[in-house]
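See below for the structure under consideration.
The values are calculated or read from the model by the stated rules, or taken from the named source; none is laboratory data. Since this is a predicted model, take the numbers as computed values, not measurements. Cβ placement follows ideal geometry from the backbone for every residue including glycine, while neighbour counts extend to all protein chains displayed. In case anyone asks, the SASA skips ligands and DNA or RNA and just uses the protein heavy atoms, side chains included. Shrake-Rupley method; radii C 1.70, N 1.55, O 1.52, S 1.80 Å.
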Amino acid sequence: MTGHVDAGKSTLMGRLLYELGRVDEKTRVANERGSSKAGKSSFSWAWELDGTIEERERGITMDIALQSLSTPQRQVTILDAPGHKDFIPNMISGAAQADCALLVVDAITGEFEAGFDRGGQTREHLLLVRSLGVSQVIVAVNKLDQVSLGSHDSASLSLPTWLQVNWDPSRFEEICGLLRAFLVQSGFPSSKTSFVPVSAMLGVNLVNNADASVLSKWYKGPTLVDLLDKLEPPTREIASPLRLPISNVFKGQNSGTGVTGRICGGVVQVGERLRVLPGDESAIVRLIDVEEQSVPWAAAGTNATLYLTSIDPIHLSIGSVLCPPSDIVPLATVFTARIIVFDIQLPITTGTSIELFHHSRDVPATISKLIATLDRASGVVTKKNPRVLSRGTSAEVEISLRVATLSGPTLSTRPIPLEPFSVNKDMGRILVRRGGETISVLFWTLSLEFKTVSQ
């Protein structure tokens, strides 16, 4: 679940969980009283997902919150990603674990535009999730029961900055029209894109729209739950070797060290010995939890928690990859890959300093060589040794990892585990950021050079 800051993502999910019976009345009342006492009564539904003290004090999501819910035909795991631009790395970590996207946009005049215009997170989040392989998206147009008034109007009319209105259908269509064009431009198939008007705060059109008589006069479409129920699970790489990038590490209670992550390929079983990369350590799987239930095994596509033994926790870190000792992932510090450049302002040149985001790993790197520009459709070389890469360009480049520390003793560059995109799409795809902006996506293909390091 993604979207611009303050679009109402956590409120939407908190209210939806309540409507589906996943939040009991006692918890709802406790959140309502607690948020009111803190002077943030409008955040009561969001408190179900924003559980840390800092998140509740600031009124924003800062890290990934994970919840699950059931529809008639689907078991859905929700990853509530932060919307603030300062927490884009956390958002990328969540998006890398997702099969589908639920984009929440604020329909209030001025607020939608702030998120959708250049620099807004609505636009960047859509590019991020599409670049990470997500093709299905549900757009929840939130706060359609509200309208923003200019400061002059609200002062002259003695009205608040927003008020209840009659679910303006023209505003809904305006937002849908703008987003449809951008979604198609960004590579989302129109057949896999849906729009739904909702009010997260009031709970309207989440499970049913019977209470929204004004909305029901012009909207006869599905509710949010109806759309979630129609999402198509992607094909899972169950027959592939196990690949599990670690997104979190914590100390288990009498069960060893816990790690969480989304399985990108293969199957993991209790009792299995796994290699931890990068590094020379291995661990034994003691327990596996999926949605707070202990299971004997878990397969590709599952967000799982593994409790590991026979390893010092110091050797487990966010971004490491678990795999079978007999089929380990290649490691690299220098590699060549195909790059697709987004709508950037400053061209890419040789020597450009960048950050690579591979699952939950954030690695400093340099574009050490511009090898050739390519035709985006065929991949045929159009120019060798280009001087710059501008917006919309597809190219072959060489990437060199850098040491993270800027001072102190010289350290060796830590490699990252990568696989060809044709072998494992999740392991062969990397997001590239520069100066707080997502500028491109990388794909490593079998036809390109790959400089590995000893393992």
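In the context of the full protein assembly, CYS100 retains an accessible surface of approximately 40 Å², using a probe radius of 1.4 Å and ignoring ligands and nucleic acids.
Please give me, ordered by residue number, the trypsin sites (Lys or Arg not before Pro) of segment 215-273 that lie in loop per DSSP and have at most 10 other Cβ atoms within 10 Å. Kindly include the intermediate steps, with their values, before the conclusion.
Details: sites: LYS217, LYS220, LYS230, ARG236, ARG243, LYS251, ARG262, ARG273; in loops: LYS220, LYS230, ARG236.
Passing both the DSSP loop test and the Cβ count: LYS220.
Taken per residue, the accessible surface of segment 283-404 reaches 45 Å², heavy atoms only and a 1.4 Å probe. Spherically averaged projected area of the convex hull of Cα atoms, segment 300-348: 7.0 nm².
What the Cα atoms of segment 264-360 give is an Rg and a Dmax of 17.5, 51 Å. Taking 30 Å as the straight-line reach from the Cα of LYS37, the lysines in range (excluding those fewer than 8 positions away in the same chain) are LYS9, LYS26, LYS85, LYS143.
Taken along its principal axes, the alpha carbon cloud of segment 282-424 reaches lengths of 53, 43, 30 Å, longest axis first. With the full set of protein chains in place, find how many percent of the accessible area of segment 266-395 is carbon and sulfur; take the probe as 1.4 Å. Here carbon and sulfur together make up 50 percent of the probe-accessible area. Tally Lys and Arg at +1 and Asp and Glu at -1 over the other residues with C-beta under 15 Å from the C-beta of ALA299: what net charge comes out? Cβ neighbours under 15 Å give a net charge of -3. Take each peptide in 308-321, 284-297, 429-442, count the other Cβ atoms within 10 Å of every residue, and average; sorted highest first, the result is 429-442, 308-321, 284-297. All C-alpha to C-alpha distances of segment 320-382, sorted into 10 Å bins beginning at zero, yield P(r) values of 15, 41, 31, 13, 1 percent in whole numbers. When Rg and the Kirkwood radius Rh are both evaluated on Cα atoms of segment 190-254, their ratio Rg/Rh stands at 1.23.
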